[in-house]
1. Could you grab me the full set of residues in the stretch 74-104 that are over 18 Å from residue 44 (Cβ atoms) and of a type in the set (Phe, Trp, Tyr)?
2. Might you let me know whether the stretch 318-329 holds any residue that is free of Cβ contacts under 8 Å to residues at least 12 places away in the same chain, under 18 Å from residue 103 (Cα atoms) and in the same structural domain as residue 265 (by TED's automatic domain parsing)?
3. Of the conditions (1) farther than 20 Å from residue 95 by Cβ; (2) part of a loop (DSSP other than H, G, I, E, B), residue 149 clears all except one; give me its number.
4. Could we say that residue 293 is of a type outside the set (Ser, Thr, Tyr), in the same structural domain as residue 230 (by TED's automatic domain parsing) and within 22 Å of the chain's Cα centre (by Cα) here?
5. Filter the stretch 224-254 for residues that are part of a loop (DSSP other than H, G, I, E, B) and touching a Phe, Trp or Tyr at 6+ places or on another chain (Cβ under 7 Å); which is nearest to residue 296 (Cα to Cα)?
6. Of the residues that sit in the stretch 225-250 and are closer than 13 Å to residue 342 by Cα and among the acidic types (Asp, Glu), which one is surrounded by the most Cβ atoms within 10 Å (Cβ to Cβ)?
7. Among the residues of the stretch 136-145, is any free of Cβ contacts under 8 Å to residues at least 60 places away in the same chain and part of a strand (DSSP E or B)?
8. Is it true that residue 103 is free of Cβ contacts under 8 Å to residues at least 60 places away in the same chain and not assigned by TED's automatic domain parsing to the domain that holds residue 310?
Amino acid sequence: MNFPFKSILVAFGLLLVAVTSCNGSEKSSEDTETVNTASYKGNTEKATFAGGCFWCIESPFEHIDGILSVVSGYAGGKEKNPTYKQVSSGKTSHKEAVQVTFDPDVISYSEIIDIFWQQYDPTDEGGSFYDRGSQYQSAIFYHDNKQKKVAESLKEQLDNSGVFDKPIVTPIVKFTNFYPAEEYHQDYYKKEPGPYKSYRVGSGRDRFISEHWEVPNPSKYPKPSKKELKEKLTTLQYQVTMENATERSFDNLYNGNKEAGIYVCIVSGAPLFSSSDKYESGSGWPSFSKPLDARYLEKPTDRGHGMVRVEVRSKFGDSHLGHVFNDGPEPTGLRYCMNSAAMKFIPKDEMESAGYGQFLWKIK
């Protein structure tokens, strides 16, 4: 069943209602800011996903460094220029979807899929939470063979992880088309924050996510005061994390570490990298092909020392970690070159007791 959910929420404000769709009436809204990717000077690629209501897939990709734009729309169908009314009614072959434009030199397709998995139920064949029907079924639309291989590999990894009791059913299909949705649907979480939050809670999506994943939360990984940090950290650790210093290559704690486990922020304790993604880059610093979750990081442009580089910082620790370069191994092509002094290593057999058990499946 499909109810005009948007109209109900607008009428009743923040009241949580038990309904079966994110469908609703069309109405005009002020224009929202869009990123002009055509004038962007860096490299760009696109990723296209379906995971039920596009409001709830669009918002998690916002405000992540390296992601240039996120657009809600319709994908995978035969009909040209479909409308929301047509798609939401199930009368087309399209799915509600989002298209992410990103800079692959800053964030990899692999990192983006890792975030996508955490936004919906990939074991549900019939739709997504209250939204039922083919228009709300999930899908990964790959844009080239490289994306296809990455998506298939990560799907297999998740399927074997034990995170879910049922098999992953999200299909990986070739991208054919994408039509942006009406303006009212773009950045809906900003335009109607109350109804948007009510829908997420009322549909059961937020509950499902919290039951299966660690949702990045700064309150769980607070940053100590500078006074506390000076007492807690060594001189080198403080200089690296708080003053953007760089430790000596080949003369640091974790460059040669081959033990299985997780690397966390020395300041906040937030999870950063898995030993499974660590590799020998020859740089003299611990290097990783990708982080555990890009949402724990910030990647501002560093113009110091006469260079233009992408800095990597711990988001919750507000601390310097290192830099990311585009000379890494496949499948990401990135090299996260980190300072050992900015991290703490938790061995695999200690992760559960240290509060990082939810990441054990990421450790080979």
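The values are calculated or read from the model by the stated rules, or taken from the named source; none is laboratory data. This structure is a prediction, so every number in the text was calculated from the model and none was measured. Cβ atoms come from the backbone with ideal geometry, glycine included; neighbour counts cover every protein chain shown.
1. 74, 84
2. yes
3. Only one criterion is unmet by residue 149, namely (2).
4. Criteria met by residue 293.
5. Residue satisfying both the conditions and the ranking: 254.
6. Result: 247.
7. Yes, the stretch 136-145 has at least one match.
8. No, not satisfied.
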